[in-house]
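Data first, discussion second: the structure below is written as structure tokens.
The values are calculated or read from the model by the stated rules, or taken from the named source; none is laboratory data. Bear in mind that the values here come from a model prediction, so they are computed numbers and not experimental data. Here the Cβ positions follow ideal geometry from the backbone for every residue, glycine too, while neighbour counts run over all protein chains shown.
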Amino acid sequence: MRAYATIGNKNMQVYPIKLSQPMGATLAVLGVKGSLALAHGAVGCSSLTKIFFTRHFCDPIAIRTTAVSELAAIFDGGEGIVREAVQNFLPRVRPEVIGLFSTGLTSAKGDDLKRIANSINYPIVYAETPDFEGGLESGWAKMAAAFIEQVMKPGLNLRPDKVLLMPHVSLHPLEVEGVKDLLAEFGLEVHALPDISDSLDGHLGINQASLCQGGIAMDEIKQLGSAGLVISVGASMLPVAEAFLRKSPQALHINIPGLMGLQATDTFIGQLMRLTGREPGPRVKHWRRRHRDALIDSHFYIGRKRFILAGEPDRIVDMAAALAEAGGIITAIIASTPGKSLERSVAHRTLVGDLEDAEGMIDDCDVLISNYHGERIARRHGKIQVLRGFPILEQIGAQLKVDTLYDGGTHFLVEVANAIIAGHPH
Amino acid sequence: MRKKIAETPGNVAPCAHKSAGGQDCRGIEPPGLATFGCAYEGAYFALAPVSDAVHLVHGPMTCLGSTWEFRHVGSSCAGLDKTQVGFTTDIGEMELVHGGEKKLAGAIDYAISKYQPQGVFVYETCVTALIGDDMDSVCGAAERRWNIPVVPVHAPGFIGTKNYGERLGLEAVVNHIVGTKEPEFATPYDINLIGEHNINGEMWMYKPILQEIGVRILSTFSGDGRIEKMRQAHRARLNVVVCAKSSLAIAEIMKKRWGIPYLSASFYGMREASDAIRRICRQLGDAKLIKKAEQVIAREEAKVNKALEPYRELFAGRKAVLNTGGNKSWAFAVALQDIGIEVVGVSVRKSNEEDRAKLRNILGADAVLMEKPVVEQIPLIMRTGADLLLAGGRSLYSALKKAIPFIEVSQEKTGNYCGYGGLINLARDIDLSINNPVFKLVSGDAPWEKKVMEPEQCLGRGA
């Protein structure tokens, strides 16, 4: 276990990778079926977020804003303008639930979301997610916890075969689907919260723009209290699991730190075997053989290569472990925000910072794994880049990528190895 | 909150952006229905193309995190193009309690010492406006410390729309930078381009043509912009306001302060581009220049007409709906007509009375002028059987999800449709879009949705 640090005496972010809590909250709302995200802030908070995710996912994003103006910022405590917003859009869309969250502006002026939500006669789930604290992971987690606290019924009879999966924000839609499928193979009835596996997965449906078309249903969330088993993925989801256990203390909770690489997947499947007394099916077993083979095939290229990983803590710590399995040297992990998962980083240097920090260490790096903003830096220094994280604007299919479990781990190693092969003159 | 915000320089100049409802370009939209960007976004995007300046956003993470590198603005900057670097103070809880001025001062010093810009723009945001940071004095002190312009831009998101923010951003430049340096030499053919962001290099589609004719671009606000050039902008003989109503206000200020006349011009579409060139040359009033312009226009139009011939045939009878902001509406409408496509509907949401009259004149009596394009555009396409929607990124996937061919015309777009060459690009992209087989393919039934089993789909039995 090693300590992590921020790089000192810098009063700012340059080439930032950090994303805000309201953006994380938006994604969490998009994991609930029939929902509408409502940002309580100035117009930009939602219009910018909408464009950001629309371009990342290549899909319409259901989000609206209370459009707090200069006058409202001074004179309104929030009730008036939130009520007005809801009254304005209800004739056009009738969401199952409104996911209301604050932004820097409205939290700074002290609007009380609980009072506001209670004063409006419509299903509203609310979370305080100012963008001057936390980041993408915590915004997602706070909104997820809000659904547990405000929607889930307490005191239901526990069912040992019912499992609630709590994925961290960086798991791609198809990765969530993969974990759900795996759990189902162990004979469990699976629910995920938030569940973006069929809302942000890039499918062609109908009326996708106005309301969230996939995700966990509100009725399902109400009944989550009967889940005998809760599996949270990533350290950022621990507070959500705690919120669940406060309401349902008898349930069994396990936290899975990561799902990338052979050892992480072995650990997870080992736990599932002990919990259910079952073995995984033949397909999973065969994917493990492929994963082992991919480790052998890719180690020529990944081995001894130096990596810098920048992104959300839960994801990059997980990813670093998977690359280290194939012999990669992790020069640095640069996290967008502090996170408990950084304590188990396998990198030589682990810090909270930005891509300027990555550029400062670029001589000790062969491959930069980061979001789209790292592209120019990698190109400028002649480094190989693999795109992961938010946003990815110049490639399509980010939502279809699977890097987790045996099958995803196999594809991930192959992709990284091929990027290295393509990036080096023969 | 300090008084400063209510007294922004935006109130000093008349605004040409009056809508039918009499709202000015602050145009606050109703809660729950608002879809425009905010003032900060407008100011940031208006100035970010200045590639030798540091653009420092004084606010929490969302403001910069979801705007930087979201537009491709062309820059010919040698060395590091600072347009592609994001700088933010990333305000946290500490600053909320103790104020962010110290952090801001430190950030300005760090950015200047490390990146050696010719100037710094500091963008105010909702949170830093709310906590009352005195940006003016922090910027003033930094300016004296470093001896380069450090310009506070007071356009926090909640103050108004993107258009309004763009105007405030440009006004900050006019008030702080323009007129602080004399050009080495001046010519009677010096102009400024205002409101041109050079997105995807659009300015470069017509700039060489103007130069060939003999017009000198003294300064641009702010596509491929430079601080040094902006400082000299007051010596131009003409301001050309390119496609943005919000920029008219600063042309008006420059007219009052330095006596520079201005005109509005658009370079979208062949007729508009030619018209713009003619009006610029006529205003500069030199017979030789006008003659040269006619030669160049004739040559370029002949080139475009030849390139468009096959497309006009291909597009015969094709119809389009257009949803873009401000006076881009008529500019694109004309461009579409130039390539032989009928425009059956157009958004007038951001247009003023003059724009509306102009559109009616261009499109004829039958075209629909959409007041609420977000609601109206898809039904209009269904009703008219239009083949294509041209709109901003917000409409992109709602159209594509209905299998409607789409061309993006916005500040985030990837195409370059400006000038004579741009019209050919537009024709090519429209052809690629409406004649692509995917739209028909994805609209077809799945095997399990087909009502009647076709005989050849039945498998034969036995041998």
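Within the range B:143-181, the set of residues being within 15 Å of B:C126 (Cα to Cα), among the basic types (K, R) and not in a helix (DSSP H, G or I) is empty.
Kindly state which helices (runs of 4 or more DSSP H) lie completely within the range A:299-414 and contain at least 3 residues that are surrounded by 19 or more Cβ atoms within 10 Å (Cβ to Cβ) and acidic (D, E).
A:313-325, A:355-360
Return yes or no: is A:P249 surrounded by fewer than 20 Cβ atoms within 10 Å (Cβ to Cβ), in a loop (DSSP other than H, G, I, E, B) and out of contact with any Phe, Trp or Tyr (no Cβ under 9 Å at 6 or more places or on another chain)? So A:P249 passes the test.
Please tell me if B:I280 is outside the structural domain of B:V346 (by TED's automatic domain parsing), touching a Lys or Arg at 6+ places or on another chain (Cβ under 8 Å) and either of a type outside the set (F, W, Y) or not in a loop (DSSP other than H, G, I, E, B) (or both).
When the stated conditions are applied, B:I280 does not pass them.
Put simply, of A:I308, A:I302 the only residue that is more than 16 Å from A:M361 (Cα to Cα) and of a type outside the set (S, T, Y) is A:I302. Run A:D111 past the list (1) outside the structural domain of A:S35 (by TED's automatic domain parsing); (2) of a type outside the set (S, T, N, Q); (3) touching a His at 6+ places or on another chain (Cβ under 8 Å) and report the number of the one that doesn't hold. Only one criterion in (1) outside the structural domain of A:S35 (by TED's automatic domain parsing); (2) of a type outside the set (S, T, N, Q); (3) touching a His at 6+ places or on another chain (Cβ under 8 Å) is unmet by A:D111, namely (1). Within the option set A:K162, A:K180, A:K222, being in contact with a helix residue (DSSP H, G or I) (Cβ under 7 Å, 6 or more places away or on another chain) and surrounded by fewer than 24 Cβ atoms within 10 Å (Cβ to Cβ) holds for one residue only, A:K162. Scanning the range B:230-244 for residues that are surrounded by fewer than 24 Cβ atoms within 10 Å (Cβ to Cβ) and in contact with a Leu (Cβ under 7 Å, 6 or more places away or on another chain) yields a total of 4. When restricted to residues that are at pLDDT 90 or above, over 23 Å from A:G78 (Cβ atoms) and more than 7 Å from chain A (Cβ to nearest Cβ), the range B:20-67 contains 17. Is at least one residue of the range A:133-140 free of Cβ contacts under 8 Å to residues at least 12 places away in the same chain and more than 30 Å from A:T410 (Cβ to Cβ)? The answer is no; no qualifying residue exists.
Selection of first residues in the range B:264-288 that are of a type in the set (K, R) and of second residues that are not in a helix (DSSP H, G or I), restricted to Cβ pairs under 6 Å at least 6 apart or on distinct chains, gives the following pairs, ordered by first then second residue: B:R279/B:L263.
Looking only at residues in the range A:34-49 that are under 19 Å from A:P130 (Cβ atoms) and not aliphatic (A, V, I, L, M), the one that is nearest to the other protein chains (Cβ to nearest Cβ) is A:G44.
Residue count for the range A:61-92 under the criterion of being within 7 Å of chain B (Cβ to nearest Cβ), in contact with a strand residue (DSSP E or B) (Cβ under 7 Å, 6 or more places away or on another chain), outside any helix (DSSP H, G or I) and surrounded by fewer than 24 Cβ atoms within 10 Å (Cβ to Cβ): the result is 0. Limited to the range A:278-325, what total is found for residues that are closer than 27 Å to A:I392 by Cβ, touching a helix residue (DSSP H, G or I) at 6+ places or on another chain (Cβ under 7 Å) and among the hydrophobic types (A, V, I, L, M, F, W, C)? Going through the range A:278-325 one residue at a time, the tally reaches 12. Of the residues making up the range B:91-131, just one is under 22 Å from A:G44 (Cβ atoms), surrounded by fewer than 23 Cβ atoms within 10 Å (Cβ to Cβ) and at pLDDT 95 or above, namely B:K103. Of the residues in the range A:346-369, at least one is closer than 19 Å to A:M23 by Cα, charged (D, E, K, R) and at pLDDT 95 or above.
Within the range A:162-209, the set of residues being touching a Lys or Arg at 6+ places or on another chain (Cβ under 6 Å) and within 26 Å of B:L396 (Cβ to Cβ) comprises A:S170, A:H172, A:Q208. Report yes if A:A235 is under 26 Å from A:G24 (Cα atoms), aliphatic (A, V, I, L, M) and in the same structural domain as A:G374 (by TED's automatic domain parsing), otherwise no. Answer is no for this residue. Here A:K162 clears all of (1) part of a loop (DSSP other than H, G, I, E, B); (2) over 19 Å from A:L19 (Cβ atoms); (3) touching an Asp or Glu at 6+ places or on another chain (Cβ under 7 Å); (4) not acidic (D, E) except the condition numbered (1).
May I ask you to list the residues in the range B:68-84 that are touching a residue at least 40 places away in the same chain (Cβ under 8 Å) and within 11 Å of another protein chain (Cβ to nearest Cβ)?
Within the range B:68-84, the first condition is being touching a residue at least 40 places away in the same chain (Cβ under 8 Å), and the residues that meet it are B:70-77.
B:F70, B:R71, B:H72, listed by residue number.
Of the residues making up the range A:115-148, those that are under 25 Å from the mean Cα position of the chain (by Cα), away from chain B (no Cβ under 14 Å) and either among the acidic types (D, E) or in a helix (DSSP H, G or I) (or both) are A:W140, A:A141, A:K142, A:M143, A:A144, A:A145, A:A146, A:F147, A:I148.
Checked against (1) buried (at least 19 other Cβ atoms within 10 Å of the Cβ); (2) within 14 Å of another protein chain (Cβ to nearest Cβ); (3) among the hydrophobic types (A, V, I, L, M, F, W, C), B:V374 meets all criteria but (1).
Only residues that are outside any loop (DSSP other than H, G, I, E, B) and either at positive phi or of a type in the set (A, V, I, L, M, F, W, C) (or both): list them for the range A:252-276, please. First the steps, then the outcome.
Initially, the range A:252-276 is screened for residues outside any loop (DSSP other than H, G, I, E, B), giving A:252-256, A:262-276.
Result: A:L252, A:I254, A:I256, A:L262, A:A264, A:F268, A:I269, A:L272, A:M273, A:L275.
Being modelled with pLDDT of 95 or more, within 13 Å of A:L413 (Cα to Cα) and in contact with a strand residue (DSSP E or B) (Cβ under 6 Å, 6 or more places away or on another chain) is true of A:A320.
This table checks each residue for (1) outside the structural domain of A:G261 (by TED's automatic domain parsing); (2) out of contact with any helix residue (DSSP H, G or I) (no Cβ under 6 Å at 6 or more places or on another chain); (3) among the polar types (S, T, N, Q).
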| site | (1), (2), (3) |
| --- | --- |
| A:T331 | yes, no, yes |
| A:A358 | yes, yes, no |
| A:D364 | yes, yes, no |
| A:I369 | yes, yes, no |
| A:R376 | yes, no, no |
| A:K383 | yes, yes, no |
| A:R388 | yes, yes, no |
| A:G397 | yes, yes, no |
| A:F412 | yes, yes, no |
